[in-house]
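The values are calculated or read from the model by the stated rules, or taken from the named source; none is laboratory data. The model shown is predicted, which means the values in this text are computed figures rather than measured ones. Cβ coordinates were reconstructed from backbone atoms using ideal geometry, including for glycine residues, and neighbour counts include every protein chain displayed.
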Amino acid sequence: MCAAPADPTFFLPAATVAEAVARIFSLTGASESGRRGEKRAILALRDALTLEVEVAKTNVHMARRIADELGVEWRPSYEILNRVNLDGLNALLEGATEAYHQDSLRRLAGQRPPKLGGPEWGAFEPSQSKIEAVNRISALTGSGPEWLGPGSKEHKRVLVNLASGLAPHLDTGLSKTKLGAALAAEFHAPWSDECESTGQTISLAGLNTILAGAERRLGRLGDARAMLLGSPEEEGKALAAALLDAWRAAPHPSGGKRVVWDARTCIQWMLDQGVSEGPNQNEWQGFYWESRGRAVLNSAFTPNPSPPRTRYGNTSFDYSLRYVWDLKAHTEAWHYPVSGKTLKGQDVAPLNDQESMDACIKEQGLGFLMVGGVGVSDEDDSFVEWHRDFKLRQGVKSRPSNSGRSRQRKAAFEPAHVEAFYFHNLAALEAAKAAGTVTGFQQGKQAPDEEGGEGRTRRPKYNLSVPKARGSMLAVARFDWPWKN
């Protein structure tokens, strides 16, 4: 096998090790049960390429064999002792992505329930996650996008809608697990104990079993999964729901449940994951949202065999399934823990440079997946002192400010909700400009390299007025984390 290099306008390198691993699992269809990591991802590629390489061999040894099979040039810089670094994983990912697009990468049966191993189920492509499964089930009856409840629980309505459409004689008053078993029996799909979880919950194996039976009933076994979300609105709602579900709410001293991103923890995570720029940035929460969010989405949805273009000029947008999306973080308020004050933040959120956005929207449309929340101010400067020391340990010197003043820093960020906005075409963009929902602005210059110097000029960007966008045709979805003060 020799996979030609992926087109850089379509292939987006993984930003983190976690994202690279997630994408390799999605490409190969490998199971994510147990610990995920570099070794398991390399083994998944080995198995998908049917290579005979012993598990005892080092990651580097296996990676070289896989690269050779994929026709990928392997470089010494991809290795750190016996481990493969992020650049090496991206080299393998690029070759595997091209093989996937050429339909020359064997899909593994990692998420296929064992009882669906017969030839009559051979065409079935199992879902990689519960969020993908419930959306595929819902799409069969045109019931609209679905999301998961607290604890990643599927809503009973997914099964009720399916029964109403394909088996109206079934009693939808049954418990969720009993209704799932009844649907499986109706579709002659094998139901077993592994299809159920504790707390009246259906497992991924159970959802895949119901999905396989329903697809076969409709003559749609093996349909392309990336096409299951037909419109940007449907896709945006499913993606936003997957992002919200990925962060679990933790108990909070106030008595509610709250998600809190601690700056030090998030920055260290990005460093460990190989994120090159984010750990050293003041607006670390945006890089963290983008880095983790991309891994979440790539893990939740099986990749599109024919993806849309994601790179325009110098800008690579963060994610695509059937449509193109970029991830943004917006600080809607500031909390000052020492004084106890909470103040309103900016209404506007910076988007991308105007040239790249115009080009993408003109060609195919463009969406944004935005996390909004509260920035926790570094009132006592303890975080900024830690961050400066952190950067020095990485060999990065803090640059002086163009204004001579230090910007307000966030010691933490508390996300409140995920929203999706979508520009269908240039007419939608122009209408948003006319309404004042989108405005242009010239970014400030980059920080100078030396004290007294002048930073480089940056390209003009667009701003999005989030309150106005919520009341406009741009709004696609909103999901709130279930926390309270």
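Name the residue, out of G110, G118, G71, that is over 21 Å from the mean Cα position of the chain (by Cα) and under 22 Å from L221 (Cβ atoms). First the steps, then the outcome.
Values: G110 fails: over 21 Å from the mean Cα position of the chain (by Cα); G71 fails: under 22 Å from L221 (Cβ atoms).
None of the other options fit; the residue is G118.
Looking at (1) surrounded by fewer than 15 Cβ atoms within 10 Å (Cβ to Cβ); (2) more than 26 Å from the chain's Cα centre (by Cα); (3) among the polar types (S, T, N, Q), which is the only condition Q346 fails?
(2)
Please go through (1) over 19 Å from K461 (Cβ atoms); (2) at pLDDT below 95; (3) over 20 Å from the mean Cα position of the chain (by Cα) for W334 and return the number of the only condition it doesn't satisfy.
Here W334 clears every test but (2).
Of all residues in the range 133-158, which are touching a strand residue (DSSP E or B) at 6+ places or on another chain (Cβ under 8 Å) and either in a helix (DSSP H, G or I) or of a type in the set (A, V, I, L, M, F, W, C) (or both)?
W147 - this is the single residue of the range 133-158 that is touching a strand residue (DSSP E or B) at 6+ places or on another chain (Cβ under 8 Å) and either in a helix (DSSP H, G or I) or of a type in the set (A, V, I, L, M, F, W, C) (or both).
Filter the range 430-485 for residues that are modelled with pLDDT under 95, of a type in the set (G, A, S) and loosely packed, with under 13 Cβ neighbours inside 10 Å and give the result.
G440, G444, G452, G453, G471
Mind telling me which of the residues L207, L218 ends up being in contact (Cβ under 8 Å) with a residue 60 or more places away in the chain, surrounded by 23 or more Cβ atoms within 10 Å (Cβ to Cβ) and not assigned by TED's automatic domain parsing to the domain that holds V324?
Numbers: L218 fails: surrounded by 23 or more Cβ atoms within 10 Å (Cβ to Cβ).
Being in contact (Cβ under 8 Å) with a residue 60 or more places away in the chain, surrounded by 23 or more Cβ atoms within 10 Å (Cβ to Cβ) and not assigned by TED's automatic domain parsing to the domain that holds V324 holds for just one of L207, L218, which is L207.
Evaluate the following for E146: is it within 26 Å of the chain's Cα centre (by Cα) and at pLDDT below 90? Spell out how you get there, then give the answer.
On the way: within 26 Å of the chain's Cα centre (by Cα): yes; at pLDDT below 90: yes.
When the stated conditions are applied, E146 passes them.
Would you say L297 is touching a residue at least 12 places away in the same chain (Cβ under 8 Å) and closer than 13 Å to A240 by Cα?
Values: touching a residue at least 12 places away in the same chain (Cβ under 8 Å): yes; closer than 13 Å to A240 by Cα: yes.
When the stated conditions are applied, L297 passes them.
Please count how many residues of the range 106-123 are under 19 Å from L321 (Cα atoms) and buried (at least 21 other Cβ atoms within 10 Å of the Cβ).
Initially, the range 106-123 is screened for residues under 19 Å from L321 (Cα atoms), giving 107.
Still in the list and also buried (at least 21 other Cβ atoms within 10 Å of the Cβ): none.
Qualifying residue count, the range 106-123: 0.
Residues being farther than 16 Å from S31 by Cβ and either of a type in the set (A, V, I, L, M, F, W, C) or in the same structural domain as L70 (by TED's automatic domain parsing) (or both): count how many of those fall in the range 121-133.
To start, the set of residues in the range 121-133 that are farther than 16 Å from S31 by Cβ comprises 121-123, 131.
Now restrict to residues that are either of a type in the set (A, V, I, L, M, F, W, C) or in the same structural domain as L70 (by TED's automatic domain parsing) (or both): 121, 123, 131.
Selection size over the range 121-133: 3.
Please go through the range 117-132 and give me each residue that is of a type outside the set (A, V, I, L, M, F, W, C) and not in a helix (DSSP H, G or I), ordered by number.
G117, G118, G122, E125, P126, S127, Q128, S129
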